[in-house]
Amino acid sequence: MTRFLLGRCLGLVLTLLAASAVVFLVLDVLPGDVAQVMLGPDADPQAVQALAVQLGLDQPAWVRYGQWLLGLLQGELGMSQAYGVPVAGLLAERLVLTVPLTLLAMALAGGMALLAGVYAALHHRRWGDVGLMALAQLGMATPGFWLGMLLIVVFSVQLGWLPSGGFEGWEVGLWQGLRFLWLPALALACVQGAILARFVRTSMLEVQGEPFVRTARAKGLSMRQVLWGHVFRNASIPVLTVAGMQFAELLGGAVVIENVFSLPGLGRLLFQSIANRDLPVVRNGVLLLVAMVVVINFLVDVLAAWIDPRLRARVR
């Protein structure tokens, strides 16, 4: 297990380095004047030149990349051009909302997927299976932003159960803060939950046909023991892999959903920073999203290896 973890940690570091290089190349090195883009096409040339010097654009690309990496290691991400505050504090302030929103959406998607997928697999080719998979297909085809607006109309405008948008902060209490996140989390979770439910069903059906499942039943084990002790454990490996990939989809969907519900999260910050040409925030914010996805996939690999020792044996 130690060798497996070391290999995965090395892969994690190399992936983050490669991601930082790509982000830097796209935003700082490709043809075009970054300072001109930030100030606009009609900006005064002297102001453009001054901003270029302030951003260090007069230095070679490899020097600027090294300085950025050093700043990342020290937690110094520079200043936001639009807000005039340190980028690190700005990102940390928005993560307080985006991380709970994404985790809540992932929990809702996983819960819905497990219930629907397991039930559909146990009632294969029956009305319950057909009905749930039809709902899953409908959920996969429904745009998240449209579902979010529909949820606002139903649960906020007509029923008045939940807020239609905004966020008062966690200072008002955990439950009051979560009230602002239920609808956007549900809008994010429905699409990903529908996709994951189909994977759960398919994976469980494949494992149910394996010889070791029939052997376990022949030994006299109950259906419940076979389901949770053999079928679900082996079927969870591909499901975990897909769930890790869906985390990236949830982070990407948060950019749209946070704008639909007017939530001051990281996704809305990036959207506004792109509109304001605030490249320091965009560069560090995009890398932060990439790092979150890479770390989640790392944790998924470790969890999958803990469940299935055969995955650890492949690196020996």
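Using alpha carbon centroids, what distance separates segment 278-297 and segment 96-172, in Å?
Answer, in whole Å: 26.
Through the Karplus equation 6.51 cos²θ - 1.76 cosθ + 1.60, θ set to phi - 60°, convert the phi angles of segment 129-136 into ³J(HN,Hα) values in whole Hz; use x for Gly and Pro.
Using θ = phi - 60°, the values come out as 5, 4, x, 5, 5, 5, 5, 5 Hz.
Please report the carbon-and-sulfur percent of the accessible area for segment 121-181; probe 1.4 Å, protein heavy atoms only, DNA, RNA and ligands left out. Show your work: numbers first, answer last.
Numbers: 2660 of 3950 Å².
It is 67 percent, rounded to a whole number.
Amide H neighbours of residue 79 under 5 Å, at least 5 residues apart or on other chains, H built in the peptide plane: list them.
Answer set, sorted by chain and number: 87.
Go through segment 151-162 residue by residue and turn each phi into a ³J(HN,Hα) via Karplus (6.51, -1.76, 1.60, θ = phi - 60°); whole Hz please, and just put x for glycine and proline.
So the Karplus estimates, Gly and Pro as x, are 5, 4, 4, 6, 8, 9, 6, 7, 8, x, 7, 10 Hz.
The values are calculated or read from the model by the stated rules, or taken from the named source; none is laboratory data. Just so we're clear, the structure is a prediction, and the values are computed from it rather than from any experiment. Heads up: the accessible areas ignore ligands, DNA and RNA and are worked out on the full protein's heavy atoms, side chains in. Shrake-Rupley method; radii C 1.70, N 1.55, O 1.52, S 1.80 Å.
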